[in-house]
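Just below is one structure, and these are the notes that go with it.
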Amino acid sequence: MLLIVMAWAGSLSAESRVLILVGPSNHPPGTHEVEAGGMLLAWALEHMDNVPGMQAEVHTTWPGEKALERADGVVFIGDVFPLQRWPDKEANLAALGRLLARGKGIVCLHYATGLRKEDVGENGEHPLLGWLGGYFATGGATHHRGVARVMKNVTVQPATVQPATAHPVTRGWKAFTLDDEPYFKNYFGPNGNQPGPGVSILATAQLPPEAPQREAVAWSVERADGGRGVGIVMPHFFANWGLPYLRRFILNAVVWAVKREVPAGGVAGPAPDLGAFGAGELGKRY
């Protein structure tokens, strides 16, 4: 896969630098669209009206040491946590660990919150659990698996996402409803879907539609190393980047993870032109 490095105009005086690391995806057009989502997120970060001085770079391969040294945080988008699919997994996990041990931030979106059975130890252990505070477990004896699937041409009950706590990441948005594929029964360690120390549930939804229960769909962690992490299990459909509250939720998360102040009303900025980022069949999902 080709390397994409993008720093949008006006970013040379950036106060905060974010690496958006895009892993591979084999989903059909209109779903995941990981490169388009990464480019849209980079554009949105650099065009915020009330949080100036953000620089975002999009990489589709593991970045070099210089990029890591300058980063204040990393965002992952892809099918499963991307470091599990890129070459040199162990070396790259170690490099990411060194970055985060310096108190830097990490955000994982949708399937990038996910780990498969073969990715984790017998008891579900993986560095991502400590870095992010939890992950979506796609299978295994010690894991919970559950996906609320909202597939094209299938009518199901949409999910309503609600803020779960007063937190900087939940500023400026209210409950919103969307068709998507929010993962639930997410794994937070030995207590299963009960969050561990330093972990806050940021948002919940009643899932699955056929037997709804209040389930965590986003969480944050403040780690002992001083760093911060956020997992948000959306968006599945690229068109959902057009939802103002979901987009604000994600932008708030990145701003908070790199230790910038989230404005009282949340991040503000122009709405993106979704068609400008090279996505396939957008569809109308909201």
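The values are calculated or read from the model by the stated rules, or taken from the named source; none is laboratory data. What you see is a predicted model; the values in this text were computed from it and never measured. Cβ placement follows ideal geometry from the backbone for every residue including glycine, while neighbour counts extend to all protein chains displayed. Just the protein is used for accessible areas: all its heavy atoms, side chains included, with ligands, DNA and RNA removed. Shrake-Rupley method; radii C 1.70, N 1.55, O 1.52, S 1.80 Å.
Observations on the model:
- Under 13 Å from the Cα of residue 117 - aspartates and glutamates, other chains or at least 8 residues apart: 125
- Point-charge dipole on Cβ atoms (K/R +1, D/E -1) for the chain, about Cα centre, debye to 20: 420 debye
- The chain, accessible surface, carbon-and-sulfur percent (1.4 angstrom probe): 51 percent
- In a reduced charge model with +1 at each Lys and Arg Cβ and -1 at each Asp and Glu Cβ, the stretch 6-109 shows a dipole moment near 300 debye about its Cα centre.
- Think of each Lys and Arg Cβ as +1 and each Asp and Glu Cβ as -1; about the Cα centre, that makes the dipole of the stretch 159-286 roughly 360 debye.
- Ordering of 205-217, 38-50 by burial proxy (mean other Cβ atoms within 10 Å per residue, highest first): 38-50, 205-217
- Among 229, 264, 132 the positive-end extreme of the charge dipole of the chain (Cβ point charges): 264
- Taking the DSSP bridge list for the chain and keeping only pairs wholly inside it, about 50 percent are antiparallel.
- Amide proton proximity set for residue 105, modelled H, under 5 Å, gap of 5+: 73, 74, 228
- Checking every one of the trypsin sites (Lys or Arg not before Pro) in the stretch 91-143 against DSSP loop status and a limit of 16 other Cβ atoms within 10 Å picks out 102, 116.
- Separation of alpha-carbon centers, the stretch 13-57 and the stretch 181-227, rounded to whole Å: 24 Å
- Heavy-atom accessible surface of the chain, averaged per residue, reaches 41 Å², computed with a 1.4 Å probe.
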